[in-house]
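Down below is the structure, laid out as structure tokens.
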Amino acid sequence: MLMVLLTAPAPAFASKHGWGRASSAGRDLLVVAALGVPAVQGDWRGDLQAAGSIVAAGGATFVLKELVHERRPDRSDDRSFPSGHTSVSFAAATTLEKRYGWQVGLPALAVASFVGLARVRADKHYVHDVVAGAVIGSASGLLLTSRHDDRVRLTPWSMPGGGGVDVAVRF
């Protein structure tokens, strides 16, 4: 995945079309990784969670695009808000991070961030479209994915005036 991350930006510097192709390649790589990593390990629950997260992010994005009708920066259509490439990328990356830890999640989140940047550079989205897509994707990944090894679970929480982390250990 790191090799793709290092080589993916190269064609993107040529043109807006290059940025668009690079963002699609990054999104596709993350979807394949989110579905492939659990499949290779025989982790069918992880596969279902990844698919659910990606579908939920894509569905929420579709509904918002139908409701908002924001014109894209390149004026090609009125489906700019939120960024679908970014929401699906962050759903896949967040699922990988939550299920398998930061060692898998950090590179995946870097690729998802690149996808968001590339969508802006391709003149397909405004920054707020990408941020909204990242929030939607991250939320679906966090809400629909459990740790692969759930013997220790850390759950952050917040409320007005405070917050913390709950720790649950299963023996």
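General observations
- When Val104, Val130, Val135, Val88 are checked against the criterion of being modelled with pLDDT under 95 and assigned to a helix (DSSP H, G or I), a single residue qualifies: Val104.
- Residue-level check: of (1) in a helix (DSSP H, G or I); (2) touching a residue at least 12 places away in the same chain (Cβ under 8 Å), Val55 misses just (2).
- The listed residues are Asp149, Asp78, and the only one of them that is in a loop (DSSP other than H, G, I, E, B), surrounded by fewer than 16 Cβ atoms within 10 Å (Cβ to Cβ) and at pLDDT 95 or above turns out to be Asp78.
The values are calculated or read from the model by the stated rules, or taken from the named source; none is laboratory data. Please read all numbers here as calculations on a predicted model, not as lab measurements. FYI the Cβ positions are ideal-geometry reconstructions off the backbone, even for glycines, and counts take in every protein chain you see.
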